[in-house]
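Trainee: The structure's right below; bear with me while I get my questions together.
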Amino acid sequence: MTTEELRETLLAAPKNGYARINAEDRIAMNDYCQRYMAFMNACKTEREATAWAVAKAESLGFKPFTPGMEAKPGDKIYYNNRDKSIALAVIGTEPLSEGANICAAHVDSPRLDIKPNPLYEETEIAYFKTHYYGGIKKYQWPTIPLAIHGVVYRKDGTMVTVTIGEDERDPVLMITDLLIHLAGDQMQKTLAKGIEGEQLNVILGTEPLVGEGSDLVKLHIMQLLNEKYGLIESDFQSAELTMVPAGRCREVGLDRSLISAYGHDDRVCAYAELEALFSIEAPKKTAVCILADREEVGSMGISGMQSHYFEHFMGNLCAAQNVALEDCFAKSFCLSADVSNAFDPNFPETCDKRNNSMVNYGVAICKYTGARGKSGCSDASAEAMGHVRSTLDGANVIWQTATLGKVDQGGGGTVAAFMANRNIVSVDAGVPVLSMHAPLELVSKLDCYETMRACKAIYLV
Ligand code: MN
Ligand code: MN
């Protein structure tokens with residue numbers, strides 16, 4: 001053999017995905033991304049993503065889960081977990097004793113939740129106090145348009161949904177930063193301290209009502225909220241209101257190859273799973289799609305991936321087929337569909353370039369996450385990686401390997417460990433993201449599309 005032949009035979013040669021797609025693929029990819037962007041414009045919280053998934057599933061003939069229901073091949077069932085997370089299944093032709101093929105993503109994203117007693121007035125400006133949720137760089141949140149999303153459980157026991165800042169005619173809200181002219185001291189602080197948590201106070205208004213007292217701006221804001229939503233101040237005690245970046249997602253780059261949005265992590269994988277699940281009829285193994293909540297804070301809690309709602313759902317499906325849940329789990333596979341950090345040439349020192357995911361190289365398969373000595377991760381086995389590799393290659397999916405930054409640089413985790421703890425073979429895979437956890441994140445259209453194709457390939461194994 002010549003060295004050239006040897007090189008071709010023996011060495012790996014990763015290629016940019018654009019070298020591997022044709023004109024037809026490109027059209028399908030762009031169409032897919034338009035649908036994804038519409039989903040993102042409609043869904044900025046776990047509640048909104050869950051509601052969207054329920055409505056879409058219902059329209060496609062999925063039936064809500066009830067304990068004791070049947071689970072026959074081709075049946076389509078969903079479990080709405082308290083409007084904050086959802087599991088959906090298409091029952092396979094093989095019994096659940098052969099296991100299920102699961103894709104698990106999360107639909108919560110970093111944001112600023114309002115505090116239980118949020119409303120105050122200071123020097124005739126009304127504010128909300130916030131408490132950030134998930135990992136954020138606090139300095140990124142002042143001086144950007146913010147929207148309020150959420151629900152309030154009112155004193156009379158009724159619920160009201162609040163969305164302010166997304167309609168073109170709506171006002172937006174904002175946090176201030178200090179003018180550079182007076183920022184001498186601030187500029188000497190670290191990025192972690194330049195803006196502190198208790199400074200993430202959101203301006204609600206400045207116009208006082210006519211009258212006496214030191215609360216006339218606050219009172220005005222409360223009056224406006226009362227007129228529109230029927231709220232009184234104590235209703236905030238039973239509310240879930242959160243501040244997220246206002247606005248729609250956009251195509252980015254002169255070539256429109258990227259998409260910017262709030263919360264690609266991890267609704268970009270959630271949407272991929274959903275569309276993949278909705279495109280299949282009667283798979284061999286039961287296909288399960290999970291949109292989990294609470295991942296950004298450790299997956300604990302009733303709507304997180306550590307919750308037993310998943311056992312409740314799967315246990316009932318198994319019972320319908322006289323299968324023990326443990327036997328099903330032992331033969332199941334889970335693609336933990338979550339984003340990875342795309343290599344950023346602006347910060348090359350944070351990554352091992354040889355092992356990092358790259359924009360446009362396809363869905364990124366991550367053997368392990370964790371911190372330091374792989375602490376806290378599930379570390380997929382050679383067999384599990386082999387299964388994913390052959391499945392994706394068999395479906396001609398464009399994929400790459402990923403690791404989370406260079407050794408000892410930092411770290412993180414996903415829901416993979418919690419699925420593996422259930423005795424389910426689990427592998428991480430997802431879309432590479434630039435500016436992950438920033439108010440606006442970037443992904444490539446090609447990687448989004450290939451992630452959907454990867455989920456579909458897993459469902460159809
Ligand atoms: Mn994530
Ligand atoms: Mn995240």
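The values are calculated or read from the model by the stated rules, or taken from the named source; none is laboratory data. Here the structure is a predicted model, which means the values were calculated and not measured. Neighbour counts are summed over all protein chains in view; Cβ atoms, including those assigned to glycine, are modelled from backbone coordinates with ideal geometry. Areas reflect the complete protein model, heavy atoms only, side chains present, ligands, DNA and RNA absent. Shrake-Rupley method; radii C 1.70, N 1.55, O 1.52, S 1.80 Å.
Trainee: Which whole-angstrom value gives the distance between the alpha carbon centres of the range 383-461 and the range 242-269?
Mentor: Spelled out, the Cα-based centre of one part sits 19 Å from the other.
Trainee: So, counting K/R as plus one and D/E as minus one, what does the shell of residues with Cβ under 9 Å around S435 add up to?
Mentor: Combined, the nearby Lys, Arg, Asp and Glu give -2.
Trainee: Now for a separate question. Per residue, how much accessible surface does the chain expose to a 1.4 Å probe? Answer in Å², no decimals.
Mentor: For the chain, the solvent-accessible area averages 47 Å² per residue.
Trainee: Between N423 and A19, what is 0.36 nm times their sequence separation minus the Cα-Cα distance? Round to one decimal in nm.
Mentor: Full extension of this stretch gives 141.6 nm more.
Trainee: What fraction of the DSSP beta bridges in the chain is antiparallel, stated in percent and rounded to the nearest 5?
Mentor: Restricted to the chain, the bridges split so that about 70 percent are antiparallel.
Trainee: Using a Förster distance of 35 angstrom, determine the FRET efficiency expected from the C-beta separation of L10 and Q409, and round it to 0.05.
Mentor: That pair, L10 with Q409, gives E of 0.70.
Trainee: In addition: Go ahead and run the numbers for FRET between S279 and H308, Cβ-Cβ distance against an R0 of 22 Å, rounding to 0.05.
Mentor: 0.15
Trainee: Using the Cβ atoms and a cut-off under 15 Å, what net charge is assigned to the surroundings of E70, where Lys and Arg are +1 and Asp and Glu are -1?
Mentor: After counting each charged neighbour, the total is +2.
Trainee: Roughly how many debye, to the nearest 20, is the charge dipole of the range 11-54 about its Cα centre, given +1 on each Lys and Arg Cβ, -1 on each Asp and Glu Cβ, and no other charges?
Mentor: 120 debye
Trainee: Here's something else I'd like to know. Using Cα positions and a limit of under 28 Å, work out the lysines in reach of K56, with same-chain residues fewer than 8 apart set aside.
Mentor: Those lysines meeting the cut-off are K44, K72, K76, K84, K284, K285, K445, K456.
Trainee: Of K15/K367; K115/K193; K137/K218; K138/K374; K115/K155, which sit over 24 Å apart, Cα to Cα?
Mentor: K137/K218; K138/K374
Trainee: For the range 274-386, with the dipole built from +1 on Lys and Arg beta-carbon atoms and -1 on Asp and Glu ones, taken about the Cα centre, which of A364, F278, S336 lies farthest toward the positive end?
Mentor: Of the candidates, A364 comes out farthest on the positive side.
Trainee: Name the residue from V268, L460, G184 whose Cα lies farthest towards the positive end of the charge dipole of the chain, charges +1 on Cβ of Lys and Arg and -1 on Cβ of Asp and Glu.
Mentor: Of the options given, the answer is L460.
Trainee: Distance in nm between label sites at R26 and S234, each 7 Å beyond Cα in the beta-carbon direction?
Mentor: 6.3 nm
Trainee: To the nearest 20 debye, what is the magnitude of the charge dipole of the chain about its Cα centre, counting +1 on the Cβ of each Lys and Arg and -1 on the Cβ of each Asp and Glu?
Mentor: In total the dipole reaches around 800 debye.
Trainee: At a Cα cut-off below 17 Å, give the aspartates and glutamates reachable from K129, other chains included and same-chain residues fewer than 8 away excluded.
Mentor: Within the straight-line limit of under 17 Å, K129 reaches these aspartates and glutamates: D113, E121, D177, E196, E198, D215, E233, D235, E240.
Trainee: Another one. Which whole-number percent is the relative contact order of the range 145-254 (Cα, under 8 Å, 6+ apart)?
Mentor: Across the range 145-254, relative contact order equals 39 percent.
Trainee: If I take every Cα pair under 8 Å that is 6 or more residues apart in the range 1-139, average their sequence separation and divide by the length, what percent do I get for the relative contact order?
Mentor: 14 percent
Trainee: Now for a different question. Any idea how far apart E94 and A183 come out in nm if each label point goes 7 Å out from Cα toward Cβ?
Mentor: Calculated label separation equals 5.8 nm.
Trainee: Further question: List residues of the range 417-460, by number, whose backbone nitrogen lies under 18 Å from a label position 7 Å along Cα→C-beta of Q321.
Mentor: 423-425, 458-460
Trainee: Go through P116, Y153, A246 and say which Cα lies farthest out towards the positive end of the charge dipole of the chain; charges sit on Cβ, +1 for Lys and Arg, -1 for Asp and Glu.
Mentor: Of the listed residues, the answer is A246.
Trainee: Dipole size in debye (nearest 20) for the range 306-399 around its Cα centre, Lys and Arg Cβ +1, Asp and Glu Cβ -1?
Mentor: 220 debye
Trainee: Debye calculation, C-alpha points only, no solvent: report log10 I(q)/I(0) for the chain at q = 0.09, 0.10, 0.14 Å⁻¹, in the same order as the q values.
Mentor: Reported log10 I(q)/I(0), two decimals: -0.63, -0.77, -1.35.
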